[in-house]
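First the structure, in the form of structure tokens, and then the observations on it.
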Amino acid sequence: MDFDAMFSKQVDALKEDGNYRIFAELERKCGAFPRAKSHDDDAPDEVTVWCSNDYLGMGQHPVVRQAMKDAIDDCGTGAGGTRNISGTARHHVALEGELADLHGKQDALLFTSGYVSNWAALSTLGSRLPDAVILSDEFNHASMIEGIRHSRAKKVIWRHNDPEDLDRKLAALPANAPKIVAFESVYSMDGDICPMQEIIEVAEKHGAMTYLDEVHAVGLYGPRGGGVSEELGLADRITLIEGTLGKAFGCMGGYVTGSAAMCDFIRSFASGFIFTTALPPAVAAAAQASIAHLKTSQTEREMQRDRVARLRAKLDAHGIPHLHNPSHIIPVMIKDPVKCRMLADILMRDWGVYVQPINYPTVPKGTERLRFTPGPLHSEADIDHLVEALTVLWKQCAIAHAVA
Ligand SMILES: *Cc1c(COP(=O)(O)O)cnc(C)c1O
């Protein structure tokens, strides 16, 4: 059997469709972010990153770096085991306390990533609650979809951000089945925000629990960075809030928060929690420092909002269509995978602008886009440079100037 030929055949099909993924090899420059050194031959030595999920630049914040260094000097590098077998450090416990406080919940549970937290929590809830039904927003992240699939629970997909459709679908289910409504606050590809209050009201009406992914909102929304649920004063009505330490908090890891009984349940039954080495204590310490900083500092959030507004205004002024949404994510729709890739390549090569093309399967075919995430550390000159580059390319590529 020629396995390599079998592998190549499928990868070649991706290449033909324009969906083959090429990673930019970068070296983030601490203290100079969003500037990064590029190690690719066909890019300038220094590029500006426009698609980072380190939304606030916390990955290079002095307080966060110092916390990580101190913890390494105190405890060494790895955790040394699973949480159960010698892997629980003081830093994990302190971070779980910080997270529970962030969301106003009784308890929290750490995972090695946001992906794992969604996968493990939904698998456990769906498989362990007898006759559970999971009602999943149609645009939910792959980590939730995989968790639901793995649980083998009955799954019902409801129309994106549509509480009425959710209501109809909940009403059609047996009254005594445990129901879990799974959704996100900020959807990271379109940058739209869910109608949280309406969804909660529908779920409450049917006695369903709510499972909210706040991955693209924690650190960014709410007076203490507790996400959209904090901003709207709705956190106490959400059963489970899930988040990541890898995006706005600038580190790595994932978590769920909720009642002590629920966290204890997931801790006790989730294989994705039990059978894997705990996060390095230094990562936990850094994440805690980042969360604690963003609980009191508004500076980063305010500066980010300012940059987002400036970029949007300048795109409008130059007739570059972008999705109008209430979040910090600015998608510029290209709607063609080959064109999307080509534009990203030219931006990188000729302008030192790094924005990764977003193609299938991350977004549906025909909705390919460039997704810009302005942060507090992008300067006015960075924004002007980006808008100039896009304006020139727009004319060259003769993409219709239309409001998306
Ligand atoms: C990135 C992402 C995750 C996974 O978080 P990681 O910490 O990166 O594994 C989960 N949910 C959503 C909506 C995401 O975009």
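Points worth noting:
- Residue in the stretch 179-190 that is nearest to the chain's Cα centre (by Cα), counting only those that are of a type outside the set (V, I, T) and not in a loop (DSSP other than H, G, I, E, B): E184
- One residue from I274, I266 being more than 12 Å from the ligand (Cβ to nearest atom), modelled with pLDDT of 95 or more and under 21 Å from I180 (Cα atoms): I266
- Among the residues listed as M342, M303, the single one being over 29 Å from G225 (Cα atoms) and surrounded by fewer than 18 Cβ atoms within 10 Å (Cβ to Cβ): M342
- Single unsatisfied condition, P337 versus (1) at pLDDT 95 or above; (2) of a type outside the set (S, T, Y); (3) closer than 24 Å to D40 by Cα; (4) open to solvent by less than 30 Å² (accessible area, probe 1.4 Å): (1)
- Tally of residues being of a type in the set (V, I, T), part of a loop (DSSP other than H, G, I, E, B) and open to solvent by less than 60 Å² (accessible area, probe 1.4 Å) across the stretch 9-43: 0
- Residue match in the stretch 128-145 (condition: more than 16 Å from the ligand (Cβ to nearest atom) and in a helix (DSSP H, G or I)): yes
- Per-region count, the stretch 164-208, residues open to solvent by less than 30 Å² (accessible area, probe 1.4 Å) and either within 16 Å of the ligand (Cβ to nearest atom) or free of Cβ contacts under 8 Å to residues at least 60 places away in the same chain (or both): 22
- Test set (1) outside any helix (DSSP H, G or I); (2) in contact with a Lys or Arg (Cβ under 9 Å, 6 or more places away or on another chain); (3) polar (S, T, N, Q) - N176 fails condition number: (2)
- Taking the criterion of being open to solvent by 30 Å² or more (accessible area, probe 1.4 Å) and either touching a Cys at 6+ places or on another chain (Cβ under 8 Å) or more than 16 Å from the ligand (Cβ to nearest atom) (or both), the residues of the stretch 238-263 that qualify are T239, S259, A260, A261.
- Residue match in the stretch 70-91 (condition: buried (at least 20 other Cβ atoms within 10 Å of the Cβ), of a type in the set (S, T, Y) and touching a residue at least 12 places away in the same chain (Cβ under 8 Å)): no
- The stretch 209-235 - residue that is among the aliphatic types (A, V, I, L, M) and within 12 Å of the ligand (Cβ to nearest atom) and, of those, surrounded by the fewest Cβ atoms within 10 Å (Cβ to Cβ): V215
- Hey, H103 more than 30 Å from K154 (Cα to Cα), modelled with pLDDT of 95 or more and open to solvent by less than 20 Å² (accessible area, probe 1.4 Å) or not: no
- Filtered residues of the stretch 146-160 (kept if among the hydrophobic types (A, V, I, L, M, F, W, C), away from the ligand (no atom under 16 Å from the Cβ) and not in a strand (DSSP E or B)): A153
- Any helices (runs of 4 or more DSSP H) falling wholly within the stretch 286-404 and containing at least 2 residues that are in contact with a Pro (Cβ under 9 Å, 6 or more places away or on another chain), closer than 20 Å to G250 by Cα and of a type outside the set (F, W, Y): 299-317
- Taking the criterion of being open to solvent by 60 Å² or more (accessible area, probe 1.4 Å), of a type outside the set (D, E, K, R) and under 23 Å from V186 (Cβ atoms), the only residue of the stretch 145-163 that qualifies is I157.
- Test: residue in the stretch 282-298 that is within 15 Å of the ligand (Cβ to nearest atom), closer than 30 Å to E198 by Cβ and open to solvent by less than 30 Å² (accessible area, probe 1.4 Å): yes
- Qualifying residue in the stretch 161-171 (condition: touching an Asp or Glu at 6+ places or on another chain (Cβ under 8 Å), over 20 Å from S271 (Cα atoms) and outside any helix (DSSP H, G or I)): yes
The values are calculated or read from the model by the stated rules, or taken from the named source; none is laboratory data. Keep in mind it's a predicted model, so treat the numbers as computed, not measured. Glycine also receives a Cβ, built like all others from the backbone with ideal geometry; neighbour counts cover every protein chain displayed. Accessible surface is based on the protein model in full, side chains and every heavy atom, while ligands, DNA and RNA are left aside. Shrake-Rupley method; radii C 1.70, N 1.55, O 1.52, S 1.80 Å.
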